[in-house]
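Values quoted throughout were computed directly from the atomic coordinates according to the rules given, and no laboratory measurement underlies them. The structure presented is a predicted model; accordingly, all values stated were derived computationally and were not measured. Positions of Cβ are generated from backbone atoms using ideal geometry, with glycine treated the same way; all protein chains shown enter the neighbour counts.
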Amino acid sequence: MKNRIFIIQGDITRQTCDAIVNAANTSLLGGGGVDGAIHRAAGPDLLAECIPLNGCATGQAKITKGYRLPAKYVIHTPGPIWRGGERNEPALLASCYRSCLALAWEHGCKTVCFPSISTGVYHFPLAQAAEIAIRTIAEELGKTDTPEIVTMVCFDPKTKGAYEDALAAIL
Ligand code: ADP
């Protein structure tokens, strides 16, 4: 598994891969953070494809084309908003990663990049989010050869460190 999960620091909108994941909100109509950056970089055709999707439930995922992005697809998943941890937040976060990887599998995506879902304005505690993300990705990759490679694209060094610690603890 170590050669199939990578952690880098960078901007997910610049990644050349089959699919990038968008930490969206349930409207799928764009927002701040990574969501805003992805819509800006993809251009207005992305919003036009998102509008008729009628939103997406927390923990689920929907796929669109990538338009002006170097990625072929965008997989949109609303992460859980942290409300103290007693509102099913950990299971919902794991479900985001599973749902995205299932869509990537269906579309034959060999390379997939994730942002750190829910750890921005949704305030999921970083170390716990990283542990859930890495464990869920490792479990899912263990069941299939597709995707071949999953990369966590962390925007800042603190986030990158948390995912590196989680990867080291699990693998
Ligand atoms: P959420 O609402 O799920 O918390 P945010 O977009 O607020 O989503 O934050 C999720 C993570 O994405 C944060 O670690 C944030 O720093 C990071 N992020 C913001 N912009 C980018 C980007 N262009 N590429 C990768 N990660 C990004």
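Computed values, structure above
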{"item": "Mean Cβ count within 10 Å, highest first, over the residues of peptides 78-86, 13-21", "result": "13-21, 78-86"}
{"item": "When each of K2/K110; K2/K62; K65/K160; K72/K158 is checked by Cα-Cα distance, pairs over 24 Å", "result": "K2/K62; K65/K160; K72/K158"}
{"item": "FRET efficiency for K158 and L29, using Cβ-Cβ distance with R0 set to 30 Å, rounded to 0.05", "result": "0.55"}
{"item": "Modelled label reach - I149, point 7 Å along Cα→Cβ, the stretch 37-71 residues with backbone N closer than 17 Å", "result": "70-71"}
{"item": "The chain: proportion of alpha-carbon pairs further apart than 20 angstrom, %", "result": "45"}
{"item": "Neighbour net charge for C56 - beta-carbon separation under 15 angstrom, K R +1, D E -1", "result": "0"}
